[in-house]
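Some notes on the structure that comes next.
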Amino acid sequence: MLKLGQELVCKIEEITILGRGVCKADGLVIFVDGAVYGDRCKIRVTDVKKSYATAVCTEMIEKSERRVESECPYFPFCGGCVHRCISYSDECQIKENAVRRALLKVSLSDENVKPLIATKDEGYRNKAVFHFDGGNVGFYAAGSNKLVPFSDALCGIYPPSFHKIATDSAEYFSDKKTAADSLTLRVSTDGKICAVIDSKMNDKNARAYAEYIKGRHGEISGVLSVRGKNRELSLEIGDKHIMSTLAGLKFRISPEAFFQVNYDGAEKIAEIVLNFAEKCSFTKCADLYCGTGTLGIILASRFKNASFTGVEINKSAVKDAKYNAELNGLKNIEFFCGDAAKYAAENKPELSVVDPPRRGMSGEAVKVLTDMHPDNIIYVSCNPSTLARDAARLADHGYKISEAVPINMFPRSEHVECVMLLTCEKGRAKLYGEYFMNRSVADIMKEYGEQHDEWGTL
């Protein structure tokens, strides 16, 4: 039986999507930080659970031929990257396998999972959040508020201009009585940058910083501040929004709005979603939980003879979505601001698009979707586990996976995107939709609780 603090020598057999090596001892799987497949190393056990243990690598006895030495001085301390000790091609294979395994784990077939699509692995992030500590600036270490300060070396996953703006800001605050907590930078497809400073500054000091940093960096189009008890967002200088192009369309992006952090990857998502929609027969499409309406607007621009409705409860997001639809001259899309359940009760589109957060859809959200019983569902996900769980829930309503395409939207990190097309077997959607239409969420949770232990959770 493994014990806490025990040391042993092992051969790493595999590596997980979280970047941890895998070995076995005393009948337990051990996840090892700092090891990759093929390494022979000495490890120390840091935790022992019922079905697995964790450990750290304390001595490298023999390095794997597949190990790659990272050139990033911040790895692995900052926690932003977990796959800098292996090749990019190996990383992509790991992430494709993660999608396949997630489906197999919930007893779904992986036969319709396509090869993973890679994106560029350097300088891809269009948004980053930097933290300050006195005259230092950097990223927080994973799972903590401990700062990993920057040196002159650049981080490889965001634009070089971000580094200079962040370090200039740290220098500015180092000799001031006012302090800053964080700086958020987002760059548009044409290189314009929006800066949001989170600080304890008053109006005068916030404006002084804005003038200073914009004067030093001409690519900054606007500076905003978050301050005060109400944490209100205030424009200090320049423009509040940036404009970016995606799938040949223009989108206004608010500082607080969600937008994909990888423009190259976002183009690939749009291409796949459009390809999937081409395979569906529909006159009406619902983009549930649409946010600022990106996917619905892209679809509406291609399928001019169909009507589209974006459904979103956030009024600010709906305002941006309407603006972007008008900006692109689209007349065949509208936006419903309110509870998706109310929309579902009155509408029956043949196609639905969903792009939930990492936690996936709640049991109630699944009920909303199946109440509409669309013939096809295009599901965009950044979490293989919750995608597989929700696909299994939808399988209980007659939906099968027609195709799934993983995308490496977040190179060097543990995250992977996937776009899935689910098709309902003929007649099944209507049957299940009517069955669940008149049943409460509590009844559904009670009936399916043993089979779906996360049914109804957020």
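Using r as the Cβ-Cβ distance of S234 and K342, and R0 as 51 Å, what FRET efficiency do you calculate, to the nearest 0.05?
Working from the Cβ atoms, E equals 0.90.
Taking region 110-190 on its own, what percent of its Cα-Cα pair distances exceed 20 Å?
43 percent
Kirkwood hydrodynamic radius, computed over distinct alpha-carbon pairs, for region 150-267: how many Å, to one decimal?
Kirkwood hydrodynamic radius for region 150-267: 15.0 Å.
Ordering Y212, Y124 by how much accessible area each has at a 1.4 Å probe, largest first, what is the list?
Y212, Y124
Quick one: accessible surface of Y289, probe radius 1.4 Å, all protein chains present, in square angstrom to the nearest 10.
90 Å²
Leaving ligands and nucleic acids out of the surface, order D152, D287, D121 by accessible area at 1.4 Å, largest first.
Correct descending sequence by accessible area is D152, D121, D287.
What is the gain in length, in nm to one decimal, between D33 and K279 on full extension, counting 0.36 nm per residue of separation less the C-alpha to C-alpha distance?
My answer for the length gained is 84.2 nm.
Can you bin every Cα-Cα distance in the chain into 20 Å intervals starting at zero and give me the percent of pairs per bin, rounded to whole numbers?
Whole-percent P(r) values from 0 Å outward: 22, 50, 28, 1.
Convert each backbone phi in region 354-361 into a coupling constant with the Karplus relation 6.51 cos²θ - 1.76 cosθ + 1.60 (shift: θ = phi - 60°), then list the ³J(HN,Hα) values in order as whole Hz, x for Gly and Pro.
Each residue of region 354-361 in turn: 10, 9, x, x, 4, 6, x, 8 Hz.
Compute the convex hull volume of the Cα atoms of region 301-418, divide it by the residue count, and report the result per residue in Å³ as a whole number.
Convex hull of Cα atoms, per residue: 131 Å³.
For a protection proxy built on the mean count of beta-carbon atoms within 10 angstrom, sort 193-202, 101-110 highest first, please.
The densest-packed peptide leads the list: 193-202, 101-110.
At a probe radius of 1.4 Å, what is the per-residue accessible area of K319, in Å² to the nearest 10?
140 Å²
For region 245-380, just the Cα set please: Rg and Dmax, both in angstrom.
Rg, Dmax (Cα atoms, Å): 13.7, 37.
Amide H neighbours of I86 under 5 Å, at least 5 residues apart or on other chains, H built in the peptide plane: list them.
V68
Report ³J(HN,Hα) in whole Hz for each residue of region 54-59, in order, from the Karplus equation J = 6.51 cos²θ - 1.76 cosθ + 1.60 where θ = phi - 60°; Gly and Pro get x.
Values per residue, Gly and Pro as x: 10, 7, 10, 7, 9, 7 Hz.
Could you order R44, R227, R125 so the one with the most accessible surface comes first? Probe is 1.4 Å.
R44, R125, R227
The values are calculated or read from the model by the stated rules, or taken from the named source; none is laboratory data. None of the values given here were measured: they were computed from a predicted structure. Methodologically, a virtual Cβ is constructed for each residue, glycine included, from the backbone with ideal geometry; neighbour enumeration extends over all protein chains shown. What goes into the accessible areas is simple: the full protein's heavy atoms, side chains included, and nothing from ligands, DNA or RNA. Shrake-Rupley method; radii C 1.70, N 1.55, O 1.52, S 1.80 Å.
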